[in-house]
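As structure tokens, the structure follows; a few thoughts come after it.
The values are calculated or read from the model by the stated rules, or taken from the named source; none is laboratory data. Since this is a predicted model, take the numbers as computed values, not measurements. Here Cβ is always computed from backbone atoms with ideal geometry, including for glycine, and neighbour counts include all displayed protein chains. Just so you know, the surface numbers come from the protein's heavy atoms only, side chains and all, with ligands and any DNA or RNA stripped out. Shrake-Rupley method; radii C 1.70, N 1.55, O 1.52, S 1.80 Å.
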Amino acid sequence: MKLNYRNQLLLALAIILLFNILSTVLRHWIYRSIGFVLCGMLYIIHPVLPKNALTNKKTLLAVRLAGIILILIGIFTRSYAY
């Protein structure tokens, strides 16, 4: 199955939701961070664009930078609200 923009966005949201629930149930912040890192890696490895977007090196670089930002969010943020 080839991931298009909509499917990859839904997959990323499902990963983040799943790991947030896992983090809340197990009361460890690291699972939330793992979810963000996985989503970031997903966008770095497989950058996808909407159908109407121009496909060139700059737009693919922007998607990969968004993946790096997701990884940085996962690494540098912690939630202790348990």
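Ligands, DNA and RNA left out, the 1.4 Å accessible surface of the chain is 71% carbon and sulfur atoms. On a per residue basis, the chain carries 74 Å² of accessible surface, using protein heavy atoms and a 1.4 Å probe. Only one of the listed values, (1) 11.6, 35; (2) 14.0, 44; (3) 13.9, 49, was derived from the coordinates as Rg and Dmax of the Cα atoms in Å; which label is it? Answer by label: (2). DSSP loop (so not H, G, I, E, B), at most 13 other Cβ within 10 Å: list which trypsin sites (Lys or Arg not before Pro) in the stretch 33-82 pass both filters. Filter output for the stretch 33-82: K51, R78. Span-like helix check, the chain: qualifying full DSSP H segments, with Cα axial length of 24 Å or more and mean Kyte-Doolittle of 0.0 or more, are 5-26, 57-76.
Taking each residue as 0.36 nm, the span from A62 to N7 lengthens on full extension beyond its C-alpha to C-alpha distance by 17.9 nm.
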